[in-house]
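Presented below is the structure to which this report refers.
Please treat every number below as a calculation from the coordinates, not as lab data. Note that this is a predicted model, so its numbers are computed, not measured. Cβ placement follows ideal geometry from the backbone for every residue including glycine, while neighbour counts extend to all protein chains displayed.
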Amino acid sequence: MNDLYSYYVQHRNTRVMHKWEHYFEIYDRFLSPIRRGNPVILEIGVQLGGSCEMWRDYFGPATHIFGIDINPEAKQQEDIVTRVFVGDQQDRTFLRGVLREIGTPDLVIDDGGHTANQQITAFEELYSALSDRGLYFVEDTHTSLWRGPFMDRQDQQSFLQFSFAKCAQLMEWTGKRENFQLLGTDQGESLANAATEFCRSTQAIHFFDSIIVYERGRRRVPRHVRR
């Protein structure tokens with residue numbers, strides 16, 4: 001039992017928290033390495049403050065925690081988080097204003113409205129603003145399969161479909177057959193700028209039941225070697 005799940009099952013939170021139990025193993029896998037680093041955290045979907053309270057307990061009092069919620073009543077949680085910004089996560093102007101206020105986040109947890117437009121828009125605005133080793137969690141991605149009111153984009157793209165397409169972007173160097181010979185030589189480095197910034201700055205995309213984790217990290221051009 002990791003510390004986050006222990007906190008949850010012991011109900012140490014004084015404010016309401018609603019989580020799928022299998023999330024806690026995923027949290028611990030990615031968050032334990034940065035636990036002592038006082039990360040800057042941005043959580044979308046503050047609600048009644050229970051998860052923000054948990055993050056404060058887990059990461060410690062020196063951690064900077066910010067929240068986003070569409071409900072003005074979430075401002076009442078500002079004794080738990082550093083600041084709550086009230087607005088819609090699919091409002092690009094609003095999100096850019098939040099970033100100007102908080103600087104560079106190390107961790108974004110999207111537990112907001114769960115519609116395709118909200119999840120995709122927030123990702124497009126916030127992911128590239130993460131620190132070089134930042135983490136981006138999108139929770140409750142099963143709503144991509146529920147469709148109905150959760151499928152609110154004109155292109156009918158869900159966050160799952162969006163993330164599948166991002167997997168292909170990770171292979172922009174290796175996915176082009178014409179690059180193969182060059183990638184087996186020192187000249188492969190000449191392709192460094194022949195990929196998007198997303199490819200150059202993303203180590204991995206992790207898919208779990210109902211949650212997707214993007215892991216940032218600067219990448220070198222891959223090279224294959226025969227020995």
Extension reserve of the residue 62-residue 174 stretch, reckoned as 0.36 nm per residue once the Cα distance is removed: 36.2 nm
Within a Gaussian network of the chain (alpha carbon springs, distance under 10 Å), most fluctuating of 134, 103, 112: 103
Sites residue 133 and residue 154 - FRET efficiency at Förster radius 35 Å, r taken between beta-carbons, to 0.05: 0.50
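Summing +1 for each Lys or Arg and -1 for each Asp or Glu, what net charge is found among the other residues whose Cβ lies under 12 Å from the Cβ of residue 58? Kindly include the intermediate steps, with their values, before the conclusion.
Values: positive: 12, 35, 36, 56; negative: 3, 28, 53, 57.
Spelling it out: positives minus negatives among the neighbours equals 0.
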Segment residue 208-residue 187, extension gain: residue separation times 0.36 nm, minus the distance between their alpha carbons: 3.9 nm
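Counting other C-beta atoms within 10 Å, which of 48, 126 has the fewest, and how do the rest follow?
On the way: 48 18, 126 22.
In order of increasing Cβ crowding within 10 Å: 48, 126.
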Radius of gyration and maximum dimension Dmax of the stretch 69-227, Cα, Å: 18.2, 63
Most mobile listed residue (166, 75, 176) in the chain, GNM with C-alpha springs under 10 Å: 176
Sum of side-chain charges, residue 172 neighbourhood, beta-carbon under 14 Å (Lys, Arg +1; Asp, Glu -1): +4
GNM result for the chain, Cα springs below 10 Å: residue of 203, 154, 169 fluctuating most strongly: 154
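What share of the DSSP beta bridges in the stretch 3-216 is antiparallel, in percent to the nearest 5?
Details: 11 of 28 bridges.
Here the antiparallel bridges make up roughly 40 percent for the stretch 3-216.
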Separation in nanometres of the label points that stand 7 Å from Cα toward Cβ, at residue 12 and residue 76: 2.5
³J(HN,Hα) computed for each position of the stretch 105-112 - Karplus, 6.51 cos²θ - 1.76 cosθ + 1.60, integer Hz, glycine/proline x: x, 9, 8, 10, 10, 9, 10, x
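Between residue 215 and residue 99, what's the calculated FRET efficiency when r is the beta-carbon distance and R0 is 22 Å? Round to 0.05.
Values: r = 20 Å, r/R0 = 0.91.
Once the sixth-power term is evaluated, E becomes 0.65.
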Per-residue ³J(HN,Hα) for the stretch 53-61, Karplus 6.51 cos²θ - 1.76 cosθ + 1.60, θ = phi - 60°, Hz, x for Gly and Pro: 4, 5, 4, 4, 5, 6, 8, x, x
Amide H within-cut-off set for residue 134, under 5 Å, with H built and near neighbours excluded: 216
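Give, as a single signed number, the net charge of other residues whose beta carbon lies under 14 Å from the beta carbon of residue 69, with Lys and Arg counted +1 and Asp and Glu -1.
Taking every Cβ under 14 Å from that of residue 69, the sum is -4.
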Built amide H within the under 5 Å cut-off of residue 44, gap 5+: 68, 109, 110, 111
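Helix-only estimate, please: 222 nm mean residue ellipticity of the chain, summing -39500 (n - 2.57) across DSSP H runs of length 4 or more and dividing by its residues, to the nearest 500. Let's see the in-between values first.
Details: 8 runs with 67 residues, N = 227.
It comes out at -8000 deg cm²/dmol, rounded to the nearest 500.
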